[in-house]
Structure formats: structure tokens, C-alpha cells
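Engineer: Before anything else, here's the structure in question.
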Amino acid sequence: MTKELEQSVTCPVCDSTEVETSRSEQAHSLPYTDAFKVQEVHHLCKSCGAEGDFGKENDVAFDIAKKAALADSINRILDGLSRSGISNAHLERALSLPPRTVARWKSGTHSDAAIALLRIVATFPWIAEVAMRGFDRRLADATVVMQAGALLTRYSDPTLVFHTAGSLGPSATYGVNLTQLNVPISFSPQPEFCGLKFTMLPEAKEGVMSMPVGGIYAAG
Amino acid sequence: MSDGKAKGGGAGYDFEVSREACKQGDVFIFKISEVKKDAKRLNLFSEKEILQFVAQPPDRLTFKDSRPLENDLFKSKGAAVDAYYFGCGQDTWYLAFLMAVSRKWVLKSFKPSDVLQAGDEPEVASGYQLGEAFAKALRGKNK
């Protein structure tokens, strides 16, 4: 950190020009992108003791860096989803968005709401499949339970949780009665990705789905 | 109209006036680098975002007290410092502001509250806390 006296800077509180200026690099992080650094200025008024960013320069520098980081995060999220089998068109259909909406986000025309939505889908990619099926409550509940089972399988002792039976039964260990949901579940040999094939019973809503487990960047 | 002096029992300033100043970005944030470290917990990263958040105003905004500034910071010894609690999710936060002798609004504090008000303590752990505990247990089991 360097320190200097800058006569050109005026204290916004007392109007004194006795201002000491220092600069330092601050690291910031946003979801789904690398950490980025911003050169920040720090002022100290020798007259009244006010400390801070007198010229609001830091906000300008931060906004520029944030814009680049957000663009990078959107690209990473969409690329990750695409690798997981969720294409831009698939996402648009699932979320009832007009065609080419996602392409516009990718090219830089996006809102804060779009970024929030993408972060949610990136964290819980299976939400796209639930959305595609009209946010069916029963399917959503079943998916949450399956995701929990898959995560337990991934992180826990394989002899302890679900892994050997091939289908889920009641689990007193975690206090969840899975049979009430009538969701027979089997796991594939690759629990880090998909492998969750299930059949919705009994209401003739039979089908087989597979979907990414956890976040798209979760290590296997 | 604010006179910059603490008033017995009540707030020294009309919060609506300081809120409007925040909306206009016409408020100096004292020790912004420290404030920003805390504000990250609210996903607020810049001075502008913090002021806009205060201008909303925040949920469960509750007047705490108004006290005269004890030292001569901002050359404003004796100026009223109005303190408020506000909530965000399960957390209680604290903010304090004053109008300096130069008639400039200063956000003096913006941080998580150290002292929860009576009745604010959550009776059950939040979903986040449960998730954290669960993840910790899984990590331990995975070793």
C-alpha cells in the first residue's frame, strides 16, 4: 500500500484539502467466475478524521471489473449447462422464454434478474427438467429427495447409504420415508453425473429421466 | 428539520430525509473498506449498492437510540448519531448515521449487530445453518 498527500482531493465532509491518499488491491468474487482484483483508493482527511473513498472512484473501477466478471460467469454457466445436456433452446423452452433470449444474455444484453436465474439453474440444473414439466409439485419433491440421495451416495460411506440396494427404501438414518413418495430409484455407476433414473408411480406418469446431480461444477 | 443535535428520547433526524440522501448517493460512508467487508454478506459490493439498500429502506428497521458524538470526528462533536437495527433473513444488522456540522450526511456504521434485541433470537436453526451442519458432517464422514 502506498501513501501520499494529495492536495487536489477535497474531504467531502469538511472540505479540507489535507487529505492522505493510499491505494491497495482488493479481491472480489462473484458466483461462477474467477476472483477478480480491483485497484482501490483510500482517503484519510487529516483535518476531520473522515476515512473512505472521497471521489467515489472505487465504484467506477468495481463496476467495470464486475461487468467483465458477469459476462464471464454467464458464458461459463451456459457452457456448463450445455455440457450437461441443457442447451440454450432447452433452457428457453423450460423457462418459457422467447427464442434467442439466452443468446442475447450471452452477447451481453442481460438483466440482474437473468443473472440470478442463471445462477439458480447452474446450482440446481435439475430445475430445468422440473420447469419443463410445468413445475409439477410431486416431481419437484421427488427430485429434491433424489438429489439428496445422490449427494449422500457421493459423499458418504457407500455401504451406509442407498448404494447397494439398487432402490431406495425407508431411511431411518436421515428421517425420510422415501416410500411415501412412491419413487423407486436406482443409481448409475457414475453418481457425479446423472444416473438418476426413476419412474413416477403409480399415477401412470411413468417415464425415465436422467439429470445432472448438484451443481454443474461439482467435482465427481 | 434536522438540527444536528441529539433530541432526548427520540431520533435526532427524520429518517426519510437521510433515506432520500442515500437515494441520491449524497451520503459519505465512513471507513468504506471496512463496511464493504461486512456488506459482502448481504451481496452488496459497492458504495452505490449499500446506499441504495439503505434507501429501500431495509426490512424490520427499528430505531435503537440517538446519542451525541463523543469525539470530534468530522469536527462534529455533540452531533446526534442515530442508530437503527434492521433485519436481513435471520440476521440482525446495525446502522448509524449523522449529519456533520458541514451539513453532510455520514453513514458512520453499517455492520452485523453484536447484540440481538430481546425476542429476535431464532428458536430453530435456519435452513442455511442446518445445511452447513449437514455438509460438515458429510465432509467428516468422507475423510
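The values are calculated or read from the model by the stated rules, or taken from the named source; none is laboratory data. If you're wondering where the values come from, they're calculated on a predicted model, not measured in any experiment. Note: ideal-geometry Cβ built from the backbone for every residue, glycine included; neighbour counts use all protein chains shown.
Engineer: Looking only at segment B:17-49, which residues are among the basic types (Lys, Arg) and touching a residue at least 60 places away in the same chain (Cβ under 8 Å)?
Structural biologist: First pass over segment B:17-49, keeping only residues among the basic types (Lys, Arg): B:19, B:23, B:31, B:36-37, B:40-41, B:48.
Within segment B:17-49, B:Arg41 is the sole residue that qualifies.
Engineer: For segment B:16-27, which residues satisfy the criterion of being of a type in the set (S, T, N, Q) and within 9 Å of another protein chain (Cβ to nearest Cβ)?
Structural biologist: Initial filter on segment B:16-27 (of a type in the set (S, T, N, Q)): B:18, B:24.
Across segment B:16-27, there are no qualifying residues.
Engineer: Going by what's in this entry, would A:Ser82 be described as surrounded by fewer than 19 Cβ atoms within 10 Å (Cβ to Cβ), assigned to a helix (DSSP H, G or I) and hydroxyl-bearing (Ser, Thr, Tyr)?
Structural biologist: Values: surrounded by fewer than 19 Cβ atoms within 10 Å (Cβ to Cβ): yes; assigned to a helix (DSSP H, G or I): yes; hydroxyl-bearing (Ser, Thr, Tyr): yes.
Yes, satisfied.
Engineer: Give A:Ile64, A:Ile77 a once-over and let me know the one that is more than 30 Å from B:Arg103 (Cα to Cα), crowded, with 17+ Cβ neighbours inside 10 Å and either out of contact with any His (no Cβ under 6 Å at 6 or more places or on another chain) or at pLDDT 95 or above (or both). So that I can check it myself, show each step before the final result.
Structural biologist: Numbers: A:Ile64 fails: crowded, with 17+ Cβ neighbours inside 10 Å.
Result of the check over A:Ile64, A:Ile77: A:Ile77.
Engineer: Restricting to segment A:8-41, give me the number of residues that are more than 30 Å from the chain's Cα centre (by Cα) and touching a residue at least 40 places away in the same chain (Cβ under 8 Å).
Structural biologist: To start, the set of residues in segment A:8-41 that are more than 30 Å from the chain's Cα centre (by Cα) comprises A:8-23, A:41.
Restricting the remaining residues to those that are touching a residue at least 40 places away in the same chain (Cβ under 8 Å) gives A:9-12.
Number of matching residues: 4.
Engineer: Next question. Based on what the data block shows, is A:Val38 under 30 Å from B:Leu69 (Cα atoms), in contact with a strand residue (DSSP E or B) (Cβ under 6 Å, 6 or more places away or on another chain) and among the aliphatic types (A, V, I, L, M)? Can you show your working first?
Structural biologist: Working: under 30 Å from B:Leu69 (Cα atoms): no; in contact with a strand residue (DSSP E or B) (Cβ under 6 Å, 6 or more places away or on another chain): yes; among the aliphatic types (A, V, I, L, M): yes.
No, not satisfied.
Engineer: Inside segment B:15-36, can you point out the residues that are assigned to a helix (DSSP H, G or I) and over 14 Å from the mean Cα position of the chain (by Cα)? Explain how you work it out, then say what you get.
Structural biologist: Step one: filter segment B:15-36 for residues assigned to a helix (DSSP H, G or I), giving B:15-23, B:32-36.
Once the filter is applied, which keeps residues that are assigned to a helix (DSSP H, G or I) and over 14 Å from the mean Cα position of the chain (by Cα), segment B:15-36 yields B:Glu16, B:Val17, B:Glu20, B:Ala21, B:Lys23, B:Ser33.
Engineer: All but one of (1) under 19 Å from A:Gly52 (Cβ atoms); (2) exposed (fewer than 14 other Cβ atoms within 10 Å of the Cβ) hold for B:Glu70, so report the exception by its number.
Structural biologist: Failing condition for B:Glu70: (1).
Engineer: Among the residues that make up segment B:82-94, is at least one of them closer than 23 Å to A:Cys45 by Cα and either within 14 Å of another protein chain (Cβ to nearest Cβ) or part of a loop (DSSP other than H, G, I, E, B) (or both)?
Structural biologist: no
Engineer: Same structure, new question: Give segment A:1-59 a look and list any residue that's basic (Lys, Arg) and either at pLDDT 90 or above or surrounded by 15 or more Cβ atoms within 10 Å (Cβ to Cβ) (or both), or say none. Spell out the reasoning first.
Structural biologist: Narrowing segment A:1-59 to residues basic (Lys, Arg): A:3, A:23, A:37, A:46, A:56.
Residues satisfying the conditions are A:Arg23, A:Lys37, A:Lys46, A:Lys56.
Engineer: Related question: For segment B:28-52, which positions are more than 7 Å from every other protein chain (Cβ to nearest Cβ) and not acidic (Asp, Glu)?
Structural biologist: So the first thing to find is which residues in segment B:28-52 are more than 7 Å from every other protein chain (Cβ to nearest Cβ), and the list is B:34-44, B:49-52.
Of everything in segment B:28-52, those that are more than 7 Å from every other protein chain (Cβ to nearest Cβ) and not acidic (Asp, Glu) turn out to be B:Val35, B:Lys36, B:Lys37, B:Ala39, B:Lys40, B:Arg41, B:Leu42, B:Asn43, B:Leu44, B:Ile50, B:Leu51, B:Gln52.
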